[in-house]
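S.K.: Below you'll find the structure I mean.
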Amino acid sequence: MENPFRTGIYAGLGLALRTRDAVLETGRRIARESSMSEEEGRKFVDNLLEQSEETRGRLSGLVEDRVSEVMERLDVAKRSDIERLEKRIAELEAAQQKTGQKTEQKK
């Protein structure tokens, strides 16, 4: 026997991964097949869209968190780390160039 909770979770994830148009079409089809009134159908579709967006946002956040954890575990530098190092290198090169110019002027 299929677990209704699991079925609901999978259905929610499936809707979250669909485009807005696909969610709209699915919602309209379900409303039509369920013989909902126009008002009930509209509310159902609106609620379905809202839930889809919320689930997509949560799923996106979970994926970002997992990717960050893996990147940290693999000790991969972040863009901000690289940008900070590039800035520091540019500062050191500028300082070295100034020092080199001063040394040449003394000769």
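S.K.: Residues with beta-carbon under 13 Å from that of residue 75, excluding residue 75: net charge, scoring Lys, Arg +1 and Asp, Glu -1?
M.R.: Working: positive: 73, 78; negative: 69, 72, 81.
Here the count lands on -1.
S.K.: Between residue 69 and residue 43, what is the label-point separation in nm under the 7 Å Cα-to-beta-carbon projection?
M.R.: 3.9 nm
S.K.: While we're looking at this one, here's another question. With r as the distance between the Cβ atoms of residue 86 and residue 59 and R0 = 41 Å, compute the FRET efficiency 1/(1 + (r/R0)^6) and round to 0.05.
M.R.: Values: r = 33 Å, r/R0 = 0.81.
Once the sixth-power term is evaluated, E becomes 0.80.
S.K.: Quick check on the exposure proxy: order 74, 49 from fewest to most C-beta atoms within 10 angstrom.
M.R.: Working: 74 7, 49 15.
Exposure proxy ranking, most exposed first: 74, 49.
S.K.: Here is a further query. Among 70, 48, 37, whose Cα sits farthest toward the positive end of the charge dipole of region 36-85 (+1 at Cβ of Lys/Arg, -1 at Cβ of Asp/Glu, about the Cα centre)?
M.R.: Highest projection toward the positive end goes to 70.
S.K.: While we're looking at this one, here's another question. Run the numbers for residue 94 and residue 34: contour at 0.36 nm per residue of separation, minus the present Cα-Cα distance, in nm.
M.R.: Full extension from residue 94 to residue 34 adds 14.4 nm.
S.K.: Taking the Cβ of each residue in 28, 58 as the centre, tally the other Cβ atoms inside 10 Å and list the residues starting with the fewest.
M.R.: Details: 28 15, 58 12.
Ascending Cβ contact count within 10 Å gives the list 58, 28.
Laboratory data are not the source of any read-out in this text; all were calculated from the coordinates shown. For clarity, every value in this text was computed on a predicted model and none was experimentally measured. Glycine also receives a Cβ, built like all others from the backbone with ideal geometry; neighbour counts cover every protein chain displayed.
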